[in-house]
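Trainee: Structure in structure tokens, see below.
Just so you know, all these numbers are worked out from the coordinates, no wet-lab data involved. Small disclaimer: the values here were computed from a predicted structure and weren't measured. Note that we place each Cβ from the backbone using ideal geometry, even for glycine, and neighbour counts take in every protein chain shown.
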Amino acid sequence: MKLSDFFDDDIDRKALREEAIECYRKYINPTYVDMLSMASLDIVEWEREGAYIRDLSGEEFIDCVEGAGCFNIGRHNKEVAEVIKKAVDRFDMGGWIGMIPQRAALAEKLAKICPKGLQYSFFTSGGGEAIDTAIKFAKGAAGKQQIISTINGYHGHTGYALSATGRDIYKGPFLPLMPGFTHVPYNDLNALKAAINDETAGVIMETIQGEGGIIVPDDDYLPGVRKLCDKHNIIMILDEVQTGLGRTGRMFGCEHWNVTPDIMVLSKSFTAGYLPISVTVFNEKVAEFTNANPTIHGNSHGGTSITCLASLAGIEYIEKNDLCRNAETMGKNLMEGLNKLKEKYPGFVKDVRGKGLMIGIEFPNDDIGPLMSAEIRKNGVITIFTFMNPKVVRIMPTLVITEKEVAKILDAYDKSMEVISEQV
């Protein structure tokens with residue numbers, strides 16, 4: 001493959017597809033290709049628009065995977081693309097040492113839309129980096145070392161983030177990890193209370209567990225965590241990488257429970273799926289540490305001129321198109337339809353849960369999730385089981401999805417459940 005291939009409208013797409021798969025096998029990871037093939041997810045993306053992607057073969061799918069929420073405002077959002085084009089014509093990334101106005105503008109915007117008190121921003125390139133930043137800042141602000149996280153929580157694969165992740169399968173080859181981490185069951189205030197001691201600096205958790213199986217906490221859980229953190233002078237960190245920016249029907253998932261953390265982490269859909277960026281936003285309590293140590297942490301590619309402009313355009317698109325409300329409305333429609341399918345196939349669907357357009361379907365055993373992912377592809381929809389809980393299939397379509405597309409998803413699930421329920 002060469003550069004010009006990707007801009008040639010007359011390219012032999014079948015040949016390009018075969019070449020791309022071969023390059024993945026030879027230069028990236030052959031086992032990964034085999035894994036995708038076994039799950040019928042060996043799709044080579046080409047055209048992308050709104051809720052849809054098209055394979056180089058010409059197959060079209062509604063994308064309900066979306067990189068676990070990287071494309072909240074739709075695949076290949078043209079308004080954001082135009083902003084990026086203009087930005088590239090005028091700016092480069094900008095220096096990390098100096099001050100660039102685009103970074104300042106994005107930080108100001110975040111301070112306005114985030115829960116009250118989350119005033120300060122530190123920009124990085126990916127979710128794991130932002131989690132690392134959050135944990136470092138929590139330790140620095142508290143002057144202590146212990147971090148409490150949750151079993152089956154997922155926070156990424158970098159240093160502190162991997163230590164915070166609550167699944168041993170990701171950790172084994174890399175031991176010893178960062179010390180000072182304690183894991184407790186999610187949605188269990190008594191377990192959290194018992195784990196707190198004089199060395200506890202912070203508590204980190206997802207607002208809704210994503211990779212753990214779309215686990216929505218009880219209504220008293222996050223407020224209870226906030227009270228415990230206040231009582232013991234502990235930094236509360238919420239990982240909103242998947243739940244942030246409209247996904248759950250609110251701009252931020254924590255708004256469902258009227259809880260404001262001391263630190264909140266955002267990434268995924270921050271630039272509408274065009275460019276890598278993440279941010280750690282935090283309050284005055286944490287800022288006392290960062291203000292006293294302004295060069296203690298850095299990131300060369302965090303918050304560049306172009307990524308910040310893309311992020312500003314993405315947030316503006318969410319606001320002016322009221323995508324939070326659409327996520328809430330379409331999510332209710334999808335949940336109602338899936339619950340009807342649960343009744344139609346008794347014993348096959350164990351649970352349907354979620355908020356907004358972050359929905360999980362739980363099946364009776366781990367084998368069904370992969371089977372459903374494979375079968376539903378035949379019906380024009382891509383979904384995938386959660387890696388830390390494969391009995392749960394995650395449905396996370398774009399927030400611009402329409403009633404017509406929701407109906408297509410439900411029809412695809414109905415057809416797929418009819419086939420798989422007869423096999424198991």
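Trainee: Fewest to most neighbouring Cβ within 10 Å: what's the order for Leu228, Leu3, Leu238?
Mentor: Leu3, Leu228, Leu238
Trainee: I would also like to ask the following. In what sequence, highest mean first, do 78-89, 344-355 appear when ranked by Cβ atoms within 10 angstrom?
Mentor: 344-355, 78-89
Trainee: Springs between alpha-carbon atoms under 10 Å, Gaussian network over the chain: tell me which of Glu19, Glu403, Glu49 tops the mean-square fluctuations.
Mentor: Taking springs between Cα atoms under 10 Å, the residue moving most is Glu19.
Trainee: For the pair Lys350/Thr402, report the inter-label distance in nm, with labels modelled 7 Å from Cα in the Cβ direction.
Mentor: So the two model labels end up 3.7 nm from each other.
Trainee: Order by neighbour count: Thr386, Thr31, Thr280, Thr402, fewest other Cβ atoms within 10 Å first, most last. Each step should come with its number before you reach the end.
Mentor: Details: Thr386 23, Thr31 8, Thr280 30, Thr402 13.
If I rank by nearby Cβ atoms, fewest first, I get Thr31, Thr402, Thr386, Thr280.
Trainee: Would you please classify the overall shape of region 354-410 from the alpha carbon gyration tensor, given that a ≥ b ≥ c denote the square roots of the eigenvalues, rounded means a/c under 1.5, and beyond that prolate means a/b larger than b/c while oblate covers the rest? All intermediate terms of the calculation are to be shown ahead of the outcome.
Mentor: Details: a/c = 2.49, a/b = 1.47, b/c = 1.70.
Taking the square roots of the gyration eigenvalues as a ≥ b ≥ c, region 354-410 is oblate.
Trainee: Please find the FRET efficiency linking Lys285 to Asn365, where r is the Cβ-Cβ separation and R0 is fixed at 41 Å, and quote it to the nearest 0.05.
Mentor: The pair Lys285/Asn365 has a calculated efficiency of 0.35.
Trainee: Applying 1/(1 + (r/R0)^6) with R0 = 41 Å to the Cβ-Cβ distance of Asp219 and Leu175, what FRET efficiency is obtained, to the nearest 0.05?
Mentor: About 0.65, to the nearest 0.05.
Trainee: On to the next question. Using a 10 angstrom cutoff on alpha carbons, build the Gaussian network for the chain and name the most mobile of Asp367, Asp411, Asp262.
Mentor: Asp367
Trainee: Now for a different question. Nearest 5 is fine: what % of DSSP beta bridges in the chain come out antiparallel, could you say?
Mentor: Taking every DSSP beta bridge within the chain, about 65 percent pair in antiparallel fashion.
Trainee: Ranking Phe363, Phe270 by Cβ neighbours within 10 Å, fewest first, what do you get?
Mentor: Listed from fewest to most nearby Cβ atoms, that is Phe363, Phe270.
Trainee: For a test of the definition: using alpha carbon positions, the gyration tensor, and the 1.5 limit on a/c, classify the chain as rounded, prolate or oblate.
Mentor: oblate
Trainee: Label region 102-320 by shape, choosing from rounded, prolate and oblate, from the square roots a ≥ b ≥ c of the eigenvalues of the Cα gyration tensor; if a/c is under 1.5 it is rounded, and otherwise prolate applies when a/b is larger than b/c, oblate when it is not.
Mentor: Cα axes put region 102-320 in the rounded bin.
Trainee: Let me ask another. Which residues in region 138-156 place their backbone N less than 14 Å from a point set 7 Å from the Cα of His232 along the Cα-to-Cβ direction?
Mentor: Residues passing the 14 Å test: 144-150.
Trainee: Longer than 18 Å from Cα to Cα, which of Lys109/Lys355; Lys112/Lys355; Lys26/Lys378; Lys144/Lys231; Lys171/Lys391; Lys109/Lys320 are they? Say none if no pair is.
Mentor: From Lys109/Lys355; Lys112/Lys355; Lys26/Lys378; Lys144/Lys231; Lys171/Lys391; Lys109/Lys320, over 18 Å: Lys109/Lys355; Lys112/Lys355; Lys26/Lys378; Lys171/Lys391.
Trainee: Sticking with this one: Could you work out how far the C-alpha centroid of region 1-49 sits from that of region 268-288, in angstrom?
Mentor: When both Cα centres are located, 32 Å separates them.
Trainee: Report the antiparallel proportion of the DSSP beta bridges in region 102-320 as a percent, rounded to a multiple of 5.
Mentor: Looking only at bridges with both residues in region 102-320, the antiparallel portion is about 40 percent.
Trainee: Follow-up question, since we're still on this one. Given the options Ala142, Ala130, Ala407, state which has the largest fluctuation in a GNM of the chain using a 10 Å cut-off (strictly under) for Cα springs.
Mentor: Ala407
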